[in-house]
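Scroll down for the structure; my scribbles are underneath it.
Derivation of every value follows stated rules applied to the coordinates shown; laboratory data play no part. Treat the numbers as computed from the prediction; the structure is a model and nothing was measured. Note that we place each Cβ from the backbone using ideal geometry, even for glycine, and neighbour counts take in every protein chain shown.
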Amino acid sequence: MSNPSAIETARRTVAPTGLVGEWRELLDRHAAVSCALEKALQGQHQIGLSEFETLDRLVDANCGDYRMSDLANDIYLSQSALSRAVARLERDGLVSRTMCPEDRRAVFVCLTEKGREVYEQALPTHRAVLSDTWRSPGRKC
């Protein structure tokens with residue numbers, strides 16, 4: 001009978017190849033870049049990555065009121081994570097939320113002037129960290 005701990009050790013030391021290896025490399029890169037972005041944005045602009053990404057999508061949409069359900073489809077966050085991010089942005093005066101007059105179930109999110117200012121200040125940091133860490137992701141947090 002084989003030794004289970006030896007098998008577990010062997011599994012952990014064999015580098016995955018092919019599709020699994022590529023998947024893990026992508027996950028590692030995502031973790032490293034996300035961590036670097038979170039630290040820089042939080043440290044320099046007091047805004048989290050989820051909040052920045054939400055502002056980034058609102059700016060890209062350039063549509064004034066953005067239906068929350070459309071925003072949820074356009075961003076990597078889960079519905080609940082997006083709701084929490086928007087709540088934090090609203091609390092800080094960076095976005096406003098309003099109900100749709102025609103459909104009371106629909107909620108619109110709108111970037112405020114303060115939100116645009118915070119976004120414009122954080123944008124160079126985001127893009128620089130993204131560029132630096134994407135090319136050489138280094139360690140995870």
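Structural remarks
- Computed Rg/Rh of region 21-81, alpha carbon atoms with Kirkwood Rh: 1.04
- Ordering of 29-37, 102-110 by packing [mean C-beta count within 10 Å, highest first]: 29-37, 102-110
- Listed from fewest to most Cβ neighbours within 10 Å, the set His45, His126 follows the order His45, His126.
- Relative contact order of the chain, pairs being alpha-carbon contacts under 8 Å that are 6 or more residues apart, as %: 32
- Proxy reagent accessibility, fewest Cβ within 10 Å first, across Arg84, Arg57, Arg91: Arg91, Arg84, Arg57
- Under the span-like rule (Cα at least 20 Å along the axis, Kyte-Doolittle mean at least -1.0), DSSP H helices of the chain: 18-45
- Simple Cβ-charge dipole of region 33-132, Lys/Arg +1 and Asp/Glu -1, about Cα centre, in debye nearest 20: 300
- Rounded if a/c under 1.5, otherwise prolate or oblate - the chain, Cα gyration tensor axes: prolate
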